[in-house]
1. Return, ordered by residue number, the residues of the range B:49-68 whose backbone nitrogen is under 17 Å from a label point located 7 Å along Cα→Cβ of residue B:90.
2. Please give the calculated 222 nm ellipticity per residue for chain B, where each DSSP H segment of at least 4 residues contributes -39500 (n - 2.57) and the sum is spread over every residue; nearest 500 deg cm²/dmol?
3. Please compute, for peptide B:49-56, the average count of beta-carbon atoms on other protein chains lying within 10 Å of each residue's beta-carbon.
4. Mind checking the angle between helix B:12-22 and chain B's longest principal axis? C-alpha axes, 0 to 90 degrees, to the nearest 10.
5. Residues of A:69-75, mean number of Cβ from any other protein chain within 10 Å of their own Cβ, rounded to a whole number?
6. May I ask for the Kirkwood hydrodynamic radius of the protein assembly as shown, worked out over all distinct Cα pairs and given in angstroms to one decimal?
7. Based on the Cβ-Cβ distance of residue A:252 and residue A:101, what FRET efficiency does E = 1/(1 + (r/R0)^6) give at R0 = 25 Å, to the nearest 0.05?
8. If you count, for every residue in A:160-167, the Cβ atoms of partner chains within 10 Å of its Cβ, what is the mean?
């Protein structure tokens, strides 16, 4: 069998990778002069810990039937997603410079199989958890023990379909097969989530029968530990609610709704890269 | 050769699924709390591990089906046509139609059109064909009787693309025997004719056959085509009808905007312009028994015959 996971990567190494991913994100959005940096920067630790230490995958065989699946349900966070896939080795990092440009496989929102590792199309929010249920049910029918990890945004949780799916996961007994992750950055397209539509992700998932694991979404060790806990065999499905900062790592983007979907200028890019390198 | 079966087309759904399993297709089927009406439960009774109900949650159902398809299964989903696609069009577009050029999800929507009957306008889907024909990779099929519906379910289960099959609630007269072979994209000429062609789908096929009888009484020779596949439409059959009869009537239990009539008209204007009359449902409905509703909406042999006379009168 192909290698499931390489040896565990240390937290220090994960932090270095996270820096590279953050730099990729701001470069990509700057080059395209469009895209979504805020909700990409907030998800970096979740994605890096997952892809390097927890997701069972084989970059040389991305269609491996027994692979774990990662579904980017908050489909606008493609800069983060594409960077993680490239840095992890699914495709060349050279592709990142074409992000959002004519003819690229790396569209503004993900297009399934356009590049290796892209498991699902996205862009219309609220659909990833349902997709993961189907994949998980198929895995159970085929006696494959893969897991499906779904990354959702807290603004995305406004969509009713999320809750149709949230009630179905425990109902179908998919506790060991579907793991939800919420990037709780508190900001959505039009502003702060508490003013646009207040959600209570932890309480809501608990109410739907999930065990909720809360963590600081930028503490790499804490995220890594949360993923380890989420993977422990149990009947009850697990949802990681990661408390994050939108735009994390770039001072003028942090907690700034204006950078949900806006590109930095050339000067701002220079500043952003310096701050990321310094590890703000 | 057996006699044609008279039954509701929705009754063919579980029969088609059972046939697919027999044929070795890795089918799974999902319902959304209407399985007693879509008849999906009959498949679930036989193959419990291959059947799920998701509760009243059509959007989730579509997403789950997409996941199944991505994992290599052949998923079917069923509900009423008013909710599927009505309640989950975006999910059909984003989670099914767009990924990989179309995930192989099979939508079988029952209770299509106004013949759903007493439940009234909210339950009477007259938009579904228009919606589904806009989803690029989808085939769209409206079978006319039990045998054709069963074979359509089997046929779509053996393609690698997404499909929409609309079935109906009421029992309709059988047209085809088991010797019939349905082919996606192929119209059936049920009656030859030279003066006008009645092109119909679903329940209206039986109505068109009766209209042709009326016309025959006045020495008008009406061809009847069962155009079960709306997309891809059988262009050759439409072109031949225009060339050989010179006048067209379309008839459907659907709005004339975006359904069978629109698809036929496009072929005509692109290839063989000919007078065309559209018979369909262009207003919201009311309660009533299904056959009363056909009268109420003038989906009748008399109306089709009049449309045929009107089309013939416009010939040059």
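Each reported figure results from applying straightforward, stated rules to the coordinates on display, with no laboratory input. A quick note: this is a predicted structure, and the numbers were derived from the prediction, not measured. Please note: Cβ atoms are built from the backbone with ideal geometry, for glycine as well, and neighbour counts cover all protein chains shown.
1. So the set is B:57-64.
2. Values: 11 runs with 110 residues, N = 316.
Here the helix-only value at 222 nm equals -10000 deg cm²/dmol.
3. Details: counts 2, 1, 0, 6, 1, 8, 4, 1.
Shielding by partners across B:49-56 averages 3.
4. 50
5. Working: counts 3, 0, 2, 0, 1, 0, 1.
The mean count of partner-chain Cβ atoms within 10 Å per residue comes to 1.
6. Numbers: mean 1/r = 0.0389 Å⁻¹.
Evaluated over the protein assembly as shown, this radius sits at 25.7 Å.
7. On the way: r = 25 Å, r/R0 = 1.00.
The computed FRET efficiency comes out at 0.50.
8. Values: counts 3, 10, 2, 2, 11, 6, 1, 4.
Whole-number average of other-chain Cβ neighbours for A:160-167 is 5.
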